[in-house]
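Below you'll find the structure, written out as structure tokens, and then a few comments.
Values in this text are rule-based calculations from the coordinates and carry no lab data. As the structure is a prediction and not an experimental result, all values here were calculated from the model. Ideal geometry is used to build each Cβ from the backbone, glycine not excepted, and the neighbour counts take in all protein chains shown.
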């Protein structure tokens, strides 16, 4: 083979290798770009593999405000009371209180000027979960609030309620309350009565299978018992929650803290007479026994 033919052959070999290298580099770049595109699709936001949904929160707040809080709302007062388990005026009072207490419930703008969730949306999510036992994402399509945000709103709402209203509403009756309750009870024919006591069974849908026997009673399904004392004005003076549904009212009363102060001699002093006998301790009426 002539030297010229050898040189020509070497040049052709180099050109073919360069061409193959270019094809390989291009294929690698394309596959890398596709991988990056797929990773961008999976990764939205600050959490890996978490996709962000544009919910148009402002529109959701406008629709919600128009339906319940505008000058001429879509739904009247009796529907508001039925759905929220309270009057609209009470809802607004609670909203104002928690906004002043916790800045989490104040509507703010993000870094690009987009309005976040309003206190109406956060409060509604928390109240619907509490009142109806709904899952956290049940009202996402209407209130426009994500599951994690609804759970966070619920936690902060409960903490704010306890911190704001606990001292006034979540307490035992003092001497002035006892005197007023007994005066009203005596007018109604029950001298010495401090309130009505009863137990309520709450269905436990997600009770572990191994616990079904301990938490199933006369309702033949797992329940958790709430013991409560309420007065004539529906003010709740005592609540004890968490005992299994297989217990009866007497077993619950033995385990609750209702009479712990009385057992220690710290009960409020009362005096009343029934059938010529004087008594210095009040009592709670169980309407179940009367039935």
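State the Cα centre-to-centre distance between the range 107-135 and the range 218-291 in whole Å. Here the answer is 37 Å between Cα centres.
Contact order, relative form, for the range 78-144: 23 percent (alpha carbon pairs under 8 Å, 6 or more residues apart, mean separation divided by residue count).
The simple spin-label model puts a point 7 Å past each Cα toward its Cβ; for residue 96 and residue 221 those points are separated by 4.1 nm. Measuring nothing but how far apart in sequence close Cα pairs (under 8 Å, 6+ apart) lie, relative to its length, the range 57-168 scores a relative contact order of 26 percent. Give the shape of the range 57-168 as rounded, prolate or oblate, defined through the alpha-carbon gyration tensor: a ≥ b ≥ c are the square roots of its eigenvalues, a/c under 1.5 means rounded, and otherwise the shape is prolate if a/b is larger than b/c and oblate if not. Here the range 57-168 falls in the rounded category. Semi-axes of the equivalent ellipsoid of the range 146-291 are 33, 22, 13 Å, computed as sqrt(5λ) over the eigenvalues of the C-alpha gyration tensor in descending order. Of 201, 72, the sequence from fewest to most neighbouring Cβ atoms within 10 angstrom is 72, 201. Normalising the average separation of contacting C-alpha pairs (under 8 angstrom, six or more residues apart) by the number of residues puts the relative contact order of the range 175-290 at 28 percent. Oblate is the label for the range 114-167, because the ratio a/c of its alpha-carbon gyration tensor axes (a ≥ b ≥ c) is 1.5 or higher and a/b is not greater than b/c. Pull out a ≥ b ≥ c, the square roots of the eigenvalues of the alpha-carbon gyration tensor of the range 81-235, then state rounded if a/c is under 1.5, prolate if not and a/b is larger than b/c, and oblate in the remaining case. Oblate is the answer for the range 81-235, as a/c is 1.5 or above yet b/c matches or exceeds a/b.
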